[in-house]
Amino acid sequence: MKSLEQFFDAYSHLALAFSGGVDSAYLLYAGIQCGAAIQPYFMRSVFQPQFELDDAQRLAKQLGVELRVLDVDILAIPQVAENSEERCYYCKRALLSRLQQQARADGYELLIDGSNASDNEAERPGTRALRELGVRSPLRECGLSKEQIRALSRKAGLFTWDKPAYACLATRIPCGRSITASLLQRIERAEQALYGLGFSDLRVRVYGEAARLQLPAAQLETALQQRQVIRQALQPYFETVLLDLQER
């Protein structure tokens, strides 16, 4: 199995689908360290909360590279807004197609992403879009696991090394229920309110007309103690707030 150094020796002029998360952050760092001409692109849509863009910009600044931000009206794609079980595939294909088009216009023929060796392809419908569009995943190809990437990121001094995994806002809405920009905004603001109360690594999932909160086990007792504060903070966005007692 080849190393990242060998990959970037073979492909030294490329575009990166950059989310600001642990994996794409380390991939950007590694590419720069290997001397590759690597251009990161952030795909901005209603599915990404503001803090993801903030983190992406912060990391790009730390590494001294320019981040290109591309806006995509993802809900204009019926198969995405309808929110079927294949939503992730249609979304990923639309985003990567737009990115690939821009990257080629900017002179980059190869597009890479941050999928790693720990990712279960069967659980990621978007992986099919990667294959169809010819997007390469160096971390996966080089056998780097999530745990290894976090350790390497910490050693490199990247602030993203311990960043919790984060799924897009669309995952908070049950399959089959149409996705609207207003509902996504309510979810994002509700999650921001919980972060502001000191909670972390959380999800606010839509359950009928209620918000179902998923928190790490260590935060459940605090949530119960602060239930009135939480209810008040989320009242502008969801009239009914439920606490999921399952571990997140």
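Brief remarks on what is shown
A quick yes/no check of all residues on (1) closer than 30 Å to residue 75 by Cα; (2) surrounded by 13 or more Cβ atoms within 10 Å (Cβ to Cβ); (3) over 19 Å from the mean Cα position of the chain (by Cα):
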| residue | (1), (2), (3) |
| --- | --- |
| 134 | yes, no, yes |
| 152 | no, yes, yes |
| 155 | no, no, yes |
| 162 | no, no, no |
| 166 | yes, yes, no |
| 172 | yes, yes, no |
| 176 | yes, no, yes |
| 192 | yes, yes, no |
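- Residues of the stretch 70-96 satisfying the condition of being loosely packed, with under 14 Cβ neighbours inside 10 Å and modelled with pLDDT of 95 or more: 71, 73, 76, 78
- Any chance residue 107 is more than 22 Å from residue 172 (Cβ to Cβ) and assigned by TED's automatic domain parsing to the domain that holds residue 53: yes
- Unique residue being over 15 Å from the mean Cα position of the chain (by Cα) and not aliphatic (A, V, I, L, M) when the list is 97, 115: 97
- The test for being under 24 Å from residue 188 (Cα atoms) and among the aliphatic types (A, V, I, L, M) does not hold for residue 65.
- Residue 186 under 21 Å from residue 45 (Cβ atoms) and loosely packed, with under 15 Cβ neighbours inside 10 Å: no
- Any hit, the stretch 14-31, residues being surrounded by fewer than 18 Cβ atoms within 10 Å (Cβ to Cβ) and either among the basic types (Lys, Arg) or on the phi < 0 side of the Ramachandran plot (or both): no
- Among helices (runs of 4 or more DSSP H) entirely within the stretch 119-170, having at least 3 residues that are at pLDDT below 95 singles out 126-133.
- Unmet criterion (only one of (1) surrounded by 18 or more Cβ atoms within 10 Å (Cβ to Cβ); (2) more than 19 Å from residue 186 (Cβ to Cβ)) for residue 246: (1)
- Boolean, residue 2 is loosely packed, with under 15 Cβ neighbours inside 10 Å and without any contact (Cβ under 8 Å) to a residue 12 or more places away in the chain: no
- Look at (1) over 25 Å from residue 142 (Cα atoms); (2) of a type outside the set (Ser, Thr, Tyr); (3) modelled with pLDDT of 95 or more; (4) surrounded by fewer than 20 Cβ atoms within 10 Å (Cβ to Cβ) and you find that residue 47 fails only one, number (4).
The values are calculated or read from the model by the stated rules, or taken from the named source; none is laboratory data. Owing to the predicted nature of the structure, the values given are computational and were not obtained by experimental measurement. Cβ: placed from backbone, ideal geometry, glycine included. Neighbour counts: every protein chain shown.
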